[in-house]
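Worksheet: one structure, shown below.
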Amino acid sequence: MQALQQIASDGVVEKLNLLRSEGKFLAKTDFLWKQLQRDGQKLIHADPAIGWAIMGMIHTMTGDVDEVDACFSKSLRIAEHFDSRLNWLTAMSTLGFHTRAHGMYMEIGAPTGGGFTEAVQIGIDIGAFHMIQQNIEMAHKLGIDVSHLPVLDLDEVVQIINEAGITDADIARHMDAAGCVLRERGLLEVKSPQILKSRSEAGGFTGVTIMLYVKGGPKDILSYNKALARREREMEIKKDVAFDVVIAGVQ
């Protein structure tokens, strides 16, 4: 999960990022929802393209994916903004639709498209490791400086999952399963996922784990991971010691 990208919004984005840190969806009966909706409507009147993108972000906090899609679609029909596409991708990641997020990253993450560096972090967060590696290789060929990008361990991660035959699509479906579990419980991740690598006794890397952080005590987190295991079986997720997705708790 990434903080929502900043675009001109009269403080609405800041409110949404603060709301996200609480770790749960906003009910449409809540006073804050009505306040945010009014703020969004004002922005639509002032700048329709930006306003509809902001409304998409607002609906993300309620978990209403149909409204999210409708708002961002309206925004992009009015004007093509990279930030709107990046925020739509972020919304899909926030809602746990990682296969869709991977498709969106494929569209905007290439170094030939102008949004390469801005999209790298969300690409990491959604586990699009092969795509990022390919984009970095292309950037090298184009003479683009990538030394500042947060991808120090990417080659090792890709090597581990390659040896296990795990693709970006496999990772996205595994994260989709976790997204289902969190949506069913009205939960939002409260910080960006953490990519952990495990080592063998000999010191070599043997596995990659994506940790998704939500609010909850030990009993809650145990129940979420049990639900995730059931969903993985239902979805016939490819399981391998080389890769896993785990829900972790923060107080």
- Task: Give me a count of the residues in the stretch 113-150 that are within 14 Å of Phe82 (Cβ to Cβ) and in a helix (DSSP H, G or I).
- Result: 6
- Residue selected from the stretch 165-191 under the condition outside any helix (DSSP H, G or I) and small (Gly, Ala, Ser), by the criterion most open to solvent (accessible area, probe 1.4 Å): Gly165
- Query: Can you name the residue in the stretch 92-138 that is charged (D, E, K, R) and more than 17 Å from Leu212 (Cα to Cα) and is also farthest from the chain's Cα centre (by Cα) among such residues?
  - Reply: Glu137
- Note on the structure: The number of residues in the stretch 33-65 that are open to solvent by 10 Å² or more (accessible area, probe 1.4 Å) and in contact (Cβ under 8 Å) with a residue 40 or more places away in the chain is 2
- Message: Is it the case, given these coordinates, that Gly115 is within 16 Å of Ala172 (Cβ to Cβ) and either in contact (Cβ under 8 Å) with a residue 40 or more places away in the chain or touching a Leu at 6+ places or on another chain (Cβ under 7 Å) (or both)?
- Response: no
- Note on the structure: Among (1) more than 22 Å from Asp168 (Cβ to Cβ); (2) within 15 Å of the chain's Cα centre (by Cα), His81 falls short only on (2)
- Task: Could you run through the stretch 201-238 and say how many residues are modelled with pLDDT of 95 or more, open to solvent by 50 Å² or more (accessible area, probe 1.4 Å) and among the acidic types (Asp, Glu)?
- Result: 3
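The values are calculated or read from the model by the stated rules, or taken from the named source; none is laboratory data. Here the structure is a predicted model, which means the values were calculated and not measured. Here Cβ is always computed from backbone atoms with ideal geometry, including for glycine, and neighbour counts include all displayed protein chains. The accessibility values were calculated without ligands, DNA or RNA, using every heavy atom of the protein model including side chains. Shrake-Rupley method; radii C 1.70, N 1.55, O 1.52, S 1.80 Å.
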